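Below is one structure, written out as structure tokens; the observations come after it.
The values are calculated or read from the model by the stated rules, or taken from the named source; none is laboratory data. Keep in mind that this is a model prediction, so the values were computed, not measured. Cβ: placed from backbone, ideal geometry, glycine included. Neighbour counts: every protein chain shown.
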Amino acid sequence: MLERFLSDLEHLVNIDSGSWNAAGVNRVGDFAAARLVELGFAVERVAVPPVDGVPLGDVVVGRRPGQGPRILLLAHLDTVFDDGTAAARPFTVRDGIAHGPGVCDDKAGLAAGLAAVDALDADADLVFCCTPDEELGAPGSHPVLAELAAEADYALCLECAREDGSLVKARKGGADVRVTITGRAAHAGIEPERGANAALAAAHLVIALQSLNDPAAGTTVNVGVVRAGSRPNVVCPEAVLEVDVRAVTTDRLTRVLDDIDALVATTHVEGTSATGHRHGVCPPMEPSEDLAAVAVGLAAARGLDVAAVATAGIADANLVSALGVPTLDGLGPVGGADHSPAEWLDLASVTPRVTLLAELITHLATKELP
């Protein structure tokens, strides 16, 4: 199993498949589709609409009917890396640790899911979905995921385990908010009083927005991008803020987004105004404790000390969980430093984690949860 996994992983990592590279994403999708056919799945390719005029890759959906509850397996085909990264940092292994763009997020998860299905003894009823736009919040895949969730009894997301080996039983929900602040241009030296400084209004708003952070409640608001003005001798006529918002429950997410709307509607500098636009709104993945307990118990029976934890990152699991499907994530091998040049995967974790995933699928196919 490990030899085939490593071959699959090397092939996948050496393909540039940033979310906006539809051709590269579809090359990874071609590979996944071919492997699923090899494993007895009927495969469908679903085109998704462009985002901001940019085409995306296809969703790959494999179906292999069987006995028992329907189990939805989720992986994604895209990465966050620019074209040329695979050539600059190809797949390498040093001291049992694999490196390369997407080696952990999520190419190892995809390869692990294929390996676990190949190892199954149970005649499980499986749907294997590979999305092309998870790193964008799945704007094109969302309807496909909703359709598949409506038919699923359980969902297992193949993002890799946390760095300490933990599974993921809960994820924060989140949203992106773009705030556009409009002011009025004027000559900064001769008649600044005729202007209305959007940059100054933005500065006030950044401070106000950051004050919404509530670490005790698990709510975070991060103004990650600030753009304003074009020349120092012009009173700034426009500014843009890009804000990341995360919360542990749907209620808290709704509340903080409403608070942001209220702040945006407040005039911080006379003569300026602001508008906010929400996008990428994603509900939290709230915990399915029984499902997590089964996975932790199966790991313990194999001598693995594995916990199930909450994390702040967002994944396809959020969207499926919010539709009422018991969901567990972090079922790939152990890795870390996602989205960075240091991304890594512990190859010693591959066999035990693939085995655990296969055993969990078998358990769900043949036994009821407590």
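Conditions tested, residue by residue: (1) more than 16 Å from residue 214 (Cβ to Cβ); (2) polar (S, T, N, Q); (3) out of contact with any strand residue (DSSP E or B) (no Cβ under 7 Å at 6 or more places or on another chain).
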site	(1), (2), (3)
247	no, no, no
250	no, yes, no
253	no, no, no
256	no, no, no
261	yes, no, no
265	yes, no, yes
278	yes, no, no
281	yes, no, no
**Looking only at region 316-367, and only at residues there that are among the acidic types (Asp, Glu) and under 17 Å from the mean Cα position of the chain (by Cα), the one that is nearest to residue 120 (Cα to Cα)** = 329
**Message:** Here are the criteria: (1) surrounded by 13 or more Cβ atoms within 10 Å (Cβ to Cβ); (2) in a loop (DSSP other than H, G, I, E, B); (3) at pLDDT 95 or above. Tell me which single one residue 241 does not satisfy.
**Reply:** (2)
**Message:** Only one of 74, 56 is buried (at least 24 other Cβ atoms within 10 Å of the Cβ), of a type in the set (A, V, I, L, M), touching a helix residue (DSSP H, G or I) at 6+ places or on another chain (Cβ under 6 Å) and closer than 30 Å to residue 365 by Cα. Can you tell me which?
**Reply:** 74
**Prompt:** Quick one: would you say residue 49 is part of a loop (DSSP other than H, G, I, E, B) and farther than 20 Å from residue 14 by Cβ?
**Reply:** yes
**Asked** Checking residue 254 against (1) of a type outside the set (Asp, Glu); (2) farther than 30 Å from residue 352 by Cβ; (3) in contact (Cβ under 8 Å) with a residue 12 or more places away in the chain, which test does it fail?
**Response** (3)
**Item:** Residue match in region 192-200 (condition: polar (S, T, N, Q), surrounded by fewer than 24 Cβ atoms within 10 Å (Cβ to Cβ) and assigned by TED's automatic domain parsing to the domain that holds residue 232)
**Value:** no
**Message:** So for region 280-302 (the condition being more than 20 Å from the chain's Cα centre (by Cα), in a loop (DSSP other than H, G, I, E, B) and not assigned by TED's automatic domain parsing to the domain that holds residue 224), does at least one residue qualify?
**Reply:** yes
**Item:** Total residues in region 163-184, condition of a type outside the set (Asp, Glu) and either farther than 30 Å from residue 237 by Cβ or touching a Cys at 6+ places or on another chain (Cβ under 8 Å) (or both)
**Value:** 12
**Request:** Look through region 78-96, keep the residues that are surrounded by fewer than 20 Cβ atoms within 10 Å (Cβ to Cβ) and among the small types (Gly, Ala, Ser), and return whichever of them is nearest to residue 57 (Cα to Cα).
**Result:** 84
**Item:** Residues of region 124-174 satisfying the condition of being of a type in the set (D, E, K, R) and either closer than 13 Å to residue 327 by Cβ or in a helix (DSSP H, G or I) (or both)
**Value:** 134, 135, 147, 153, 159, 169, 171
**Asked** Are any of the residues in region 278-298 free of Cβ contacts under 8 Å to residues at least 24 places away in the same chain and exposed (fewer than 15 other Cβ atoms within 10 Å of the Cβ)?
**Response** yes
**Request:** Could you tell me whether any residue of region 161-183 is outside the structural domain of residue 268 (by TED's automatic domain parsing), over 19 Å from the mean Cα position of the chain (by Cα) and crowded, with 24+ Cβ neighbours inside 10 Å?
**Result:** no
**Asked** Looking at 264, 234, 269, 223, which is the one that is at pLDDT 95 or above, under 27 Å from the mean Cα position of the chain (by Cα) and not assigned by TED's automatic domain parsing to the domain that holds residue 315?
**Response** 223
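Rundown of residues vs (1) more than 29 Å from residue 252 (Cβ to Cβ); (2) crowded, with 24+ Cβ neighbours inside 10 Å, yes/no style:
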residue: 318; (1), (2): no, yes
residue: 324; (1), (2): no, no
residue: 327; (1), (2): no, yes
residue: 335; (1), (2): yes, yes
residue: 339; (1), (2): no, no
residue: 342; (1), (2): yes, no
residue: 347; (1), (2): yes, no
residue: 351; (1), (2): yes, no
residue: 357; (1), (2): yes, yes
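Here is a yes/no grid of residues against (1) outside the structural domain of residue 200 (by TED's automatic domain parsing); (2) in a helix (DSSP H, G or I); (3) touching a Pro at 6+ places or on another chain (Cβ under 6 Å); (4) within 20 Å of residue 218 (Cα to Cα):
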| residue | (1), (2), (3), (4) |
| --- | --- |
| 246 | no, no, no, yes |
| 252 | no, yes, no, yes |
| 256 | no, yes, no, yes |
| 259 | no, yes, no, yes |
| 275 | no, no, no, no |
**Request:** Check 93, 37, 60, 103 and return the single one that is in the same structural domain as residue 335 (by TED's automatic domain parsing), assigned to a helix (DSSP H, G or I) and among the β-branched types (Val, Ile, Thr).
**Result:** 37
